[in-house]
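To keep things clear, I will list the structure first and then write my remarks on it.
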Amino acid sequence: MALWLVVLTSRLLEQRRTWRWDINIREATVLGLVGAGGIGANLEASMNLLAWPQVAVILTVILATVIFSEWLSAAIRQSLI
């Protein structure tokens with residue numbers, strides 16, 4: 001009984017950590033846009049300089065990072081279930 005409880009608790013904590021990591025990537029972008037640093041700080045600076053090609057590259061990198069983290073998070077969650 002105790003071993004089952006430990007395994008279940010560890011799986012739930014692992015899922016929560018994976019979910020939280022996924023959210024942190026998105027939050028870093030938003031924090032940068034409001035001036036707190038993070039991934040969005042470069043985006044904010046480029047937008048202020050009207051460097052639109054650079055903004056497009058940064059947005060593409062952010063999008064690729066979010067998609068990759070979603071894929072990785074889903075794979076980890078799937079292996080835990």
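Read-outs: derived from the displayed coordinates by stated rules, not from any lab. Computed from a predicted structure; not experimentally measured. Positions of Cβ are backbone-derived with ideal geometry, glycine not excepted, and every protein chain shown enters the neighbour counts.
Extension gain for the segment Met47 to Arg77, taken as residue separation times 0.36 nm less the Cα-Cα distance, is 7.2 nm to one decimal.
Counted by neighbouring Cβ atoms within 10 Å, the residues Arg26, Arg20 run from fewest to most as Arg20, Arg26.
Semi-axes of region 16-80's equivalent ellipsoid from the Cα gyration tensor, sqrt of 5 times each eigenvalue, largest first, rounded to whole Å?
Values for region 16-80, descending: 27, 13, 4 Å.
Using the Karplus relation 6.51 cos²θ - 1.76 cosθ + 1.60 with θ = phi - 60°, the per-residue 3J(HN,Hα) values for region 44-58 come to 4, 4, 5, 5, 5, 8, 6, 8, 5, x, 5, 4, 4, 5, 5 Hz, with x marking Gly and Pro.
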